[in-house]
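Following: one structure in structure tokens, then a few remarks.
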Amino acid sequence: MIRIAKEVRESLAHAVALETTLVAHGFPPGEGVEVGLESERQVRAAGAVPATIGVIDGEIVVGLTEDELQRFDAAARKIGPRDLAVAVAQRAVGATTVGGTLAVARQVGITWMATGGLGGVHRGFPDPPDVSADLAQLARTPALVVSSGVKSLLDVPATAELLESLGVPMLGYGVDTLPLFYAADGGPPVSARVETPRDAAAVARAHWELGGTGLLLGRPPDEPLDDVEPLIEQALRAAHDQDVHGQAVTPFVLSYLHRESGGRTQRANKDLIAQNARLAGEIAVSSPRAHDTLAR
Ligand code: PSU
Ligand code: MN
């Protein structure tokens, strides 16, 4: 049911899980694959091993080849944790979300992951009561996810509260507040700040030794966009007016922003995904200090 690429199997501790939903549904046709490949290059440049995850004709693949990655276009199903088994049984092509990717990572023992922005509580909760399955899956998976925080089209403060309830540390990479996806500033305070890849790895290892599960690490984008909020509000109104619901909301809003910003959000999104992949790779290969391992 799960095929693990040899390279990944041989160095699971240094593997970085990468998702395929952003490849299939986060960018215009053709662009997503390039974003996925660039993430893989960044993980490798850090000395770690990329493990891009998706479902091909019902087989869950951990460590997709370049040819296989080409199959993740807009026709691929969006696969959250609840959808994995169905995709397998129905021999589908499925692009895994952060949550779906974490569900697989947990099964095979991968503990590091990178993405653009985590899913969370949608604005307007509880009408509709739309909360990304990324959160529940992070709460049950011992893994650290490097992101630019939570996607800012969501209710980020509510998402931060829920992460606390779920016992998920929300770390800031050299910052005191959670990055807002395209924007660097203005997010809720993080639960702790780390300064280096090694610091991040040490916190994660201690968390796991204490029986904890998921952690979120927010890295602010190198070239933030601070003026996207009005466009986000416009995009959310369009989604509402066009009756876009459920799993379709996030891809709809992202493509609206990419189009209406004249490609600025697309470029920013692409860059921040690559930066997060690089950092996840650096964390995966950072060796623990002697005192990082707790005495038993
Ligand atoms: N980060 C990006 N682009 C994306 C996503 C993350 O820069 O498209 C995807 C991830 O797969 C995440 C999903 O899990 O958006 C959230 O979807 P939803 O809100 O429907 O749970
Ligand atoms: Mn949702």
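What follows is calculated from the coordinates using simple rules that are stated; it is not laboratory data. On a predicted model such as this, the values are computed, not experimentally measured, just so you know. Counting neighbours? That spans all protein chains shown, and the Cβs are built from the backbone with ideal geometry, glycine included.
Quick one: if the Förster radius is 30 Å, what FRET efficiency do Phe125 and Ala45 give, using the C-beta to C-beta distance and rounding to 0.05? My answer for the efficiency is 0.15. Using the Cβ-Cβ distance between Asp243 and Glu223 with R0 set to 30 Å, the FRET efficiency from 1/(1 + (r/R0)^6) comes to roughly 0.30. Computing Rg and the Kirkwood Rh from the Cα coordinates of the chain gives a ratio, Rg/Rh, of 0.94. Taking every DSSP bridge with both residues inside the stretch 137-296, close to 25 percent are antiparallel.
Under 5 Å from the amide H of Ala183 lie the amide H atoms of Leu225, each residue being 5 or more positions distant or on a separate chain, with H modelled from the backbone and absent for Pro and chain starts. Taking the Cα centre of the stretch 204-296 as origin and assigning +1 to Lys and Arg Cβ atoms and -1 to Asp and Glu Cβ atoms, the resulting dipole is close to 480 debye. Taking a ≥ b ≥ c as the square roots of the eigenvalues of the Cα gyration tensor, the stretch 176-263 is prolate, since a/c reaches 1.5 or more and a/b is larger than b/c. Local charge sum around Ala139 (other residues, Cβ-Cβ under 13 Å, Lys/Arg +1, Asp/Glu -1)? For residues surrounding Ala139, the net value is 0. Looking at the stretch 29-137, what % of the alpha carbon pairs are farther apart than 21 Å? The share of Cα pairs beyond 21 Å in the stretch 29-137 comes to 38 percent.
Between amide H atoms placed 1.01 Å from N, distances below 5 Å from Val16 occur with Val49, Ala51, all of them 5 or more places distant or on a separate chain. For the stretch 21-177, the antiparallel share of DSSP beta bridges with both residues in that region comes to about 55%. The stretch 154-180 and the stretch 80-139 have Cα centres lying 18 Å from one another. Binning the C-alpha pair distances of the stretch 99-243 at 10 Å intervals from 0 yields a P(r) profile of 12, 42, 33, 11, 1 %, listed from the shortest bin outward.
Taking the DSSP beta bridges with both ends in the chain, the antiparallel portion is around 30 percent. Taking 0.36 nm per residue of separation and subtracting the Cα-Cα distance, full extension of the segment from Glu38 to Met1 would add 10.6 nm.
Residues Leu166, Leu217, ranked from the fewest to the most other C-beta atoms within 10 Å, line up as Leu166, Leu217. Other residues with beta-carbon under 15 Å from the beta-carbon of Pro179 carry, at +1 per Lys or Arg and -1 per Asp or Glu, a net charge of -4.
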